[in-house]
Amino acid sequence: MELLKRKIELEGRVISDHVLKVDSFLNHQVDPHLMAAIGKEFAARFQNMGITKILTIESSGIAPGLMTALELNVPIIFARKRNSLTLVNDLITSTVHSFTKKETNEISISNQYIVPGDKVLIIDDFLANGQAALGLVDLVQKAGAEMVGIGIVIEKSFQEGSNLLRKEGFRVESLVRIKSLENGRVTFLQEGVSTRYEQII
Ligand code: G4P
């Protein structure tokens, strides 16, 4: 997605060989026009698949997930990482270990909002080691629903998550794929052709 690549080139800051800071448009301040374009792009990539729910995880998955949900005209559910005052009964839970942050979180959703018969699209902001995505897949499976695919805003293809998820047979659509963050530079994987949504605009 060229628009997103340009935004990363202009505003992204390489913090280390493994971490890209995009606080100006995705992880802290959020660019609503970019999120709207991201929602259209995911909706185009996953159109006509009968998706009934979007599932993401708080907090940075919510903005791109919401715009995708708006385009597909379905609700979005965000998994919580912390206990909620009101979300206490009938929880579906999974465990996510972050190798980056060296912490383990229990993530949860209510069993009211993803139910057998649902076709679920998972959306998240970053794909690094794939543990958050696998935790979300686990929630969908425990809910007895069908997992249709995984949409990722920024994939760091040099970390193991992308291979792990594709090897499991999941359909993964990443809007940009980063080959390397070495030498303080973002190098994208060459994609070749533009996507359907980019051809439309
Ligand atoms: P994984 O789920 O793919 O295994 O990823 P990992 O544990 O490594 O990532 C943990 C957190 O760090 C996630 O956010 C993820 O989005 C974020 N993250 C991973 N790599 C990068 C990166 O290069 N840049 C930025 N900006 N974030 C990265 P989180 O803790 O859930 O935060 P948030 O959603 O509340 O913002």
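Place the peptides 69-77, 36-44 in order of packing, highest mean first, counting for every residue the other Cβ atoms within 10 Å and averaging per peptide.
Details: 69-77: 18.0, 36-44: 21.9.
Ranked from most to least packed, the peptides come out as 36-44, 69-77.
Remark: relative contact order (the range 32-85) = 41 percent; criterion is Cα-Cα distance under 8 angstrom and separation of 6 or more residues.
Accessible area per residue was computed with a 1.4 Å probe on protein heavy atoms; residue 171 scores about 80 Å². Taken per residue, the accessible surface of the chain reaches 52 Å², heavy atoms only and a 1.4 Å probe.
For the range 1-105, the relative contact order works out to 18 percent when only alpha carbon pairs closer than 8 Å and six or more residues apart are counted.
Database remark: amide H of residue 178 closer than 5 angstrom to the amide H of 155, 156, 157, 189 (H placed geometrically; neighbours at sequence offset of 5 or more, or on other chains; Pro and chain starts carry no H). Put a plus charge on the Cβ of each Lys and Arg, a minus charge on the Cβ of each Asp and Glu, and nothing anywhere else: the dipole of the chain about its Cα centre is then about 120 debye.
Near the amide H of residue 107, within less than 5 Å, lie the amide hydrogens of 94, 95, 96, all on another chain or at least 5 residues away, with H placed in the peptide plane. Scanning the chain for DSSP H helices at least 18 Å long along the axis (C-alpha atoms) with a Kyte-Doolittle mean no lower than -1.0 picks out 32-45.
Nonpolar atom fraction for the range 34-177, defined as the carbon and sulfur part of the 1.4 Å probe accessible area, stands at 47 percent.
Simple spin-label estimate for residue 6 and residue 86 gives 4.0 nm between the two label positions (7 Å along the Cα-to-Cβ direction from each Cα). Taken along the Cα-to-beta-carbon direction at a fixed 7 Å, the label points for residue 167 and residue 19 span 2.6 nm.
For the chain, what is Rg from Cα atoms divided by 2.2 N^0.38 Å, rounded to two decimals?
Details: Rg = 16.2 Å, N = 201, 2.2 N^0.38 = 16.5 Å.
Here the answer is 0.98, to two decimals.
Calculate one ³J(HN,Hα) per residue across the range 177-184 by plugging θ = phi - 60° into the Karplus curve 6.51 cos²θ - 1.76 cosθ + 1.60, and present them in order as whole Hz with x for glycine and proline. So the Karplus estimates, Gly and Pro as x, are 10, 9, 7, 7, 10, 6, 6, x Hz.
Only Cα pairs under 8 Å and at least 6 apart count here; give the relative contact order of the chain as a rounded whole percent. Could you put the intermediate results ahead of the total?
Details: 394 pairs, mean separation 40.6, N = 201.
Once divided by the residue count of the chain, the mean separation gives 20 percent.
Only helical DSSP H runs with n ≥ 4 go in: add -39500 (n - 2.57) per run for the chain, normalise by residue count and round the 222 nm mean residue ellipticity to 500 deg cm²/dmol. Each step should come with its number before you reach the end.
On the way: 6 runs with 59 residues, N = 201.
The helix-only estimate for the chain comes to -8500 deg cm²/dmol at 222 nm.
The values are calculated or read from the model by the stated rules, or taken from the named source; none is laboratory data. If you're wondering where the values come from, they're calculated on a predicted model, not measured in any experiment. We place every Cβ from the backbone using ideal geometry, glycine too, and count neighbours over all the protein chains shown. These area figures cover heavy atoms from the full protein model, side chains too; ligands, DNA and RNA do not enter into them. Shrake-Rupley method; radii C 1.70, N 1.55, O 1.52, S 1.80 Å.
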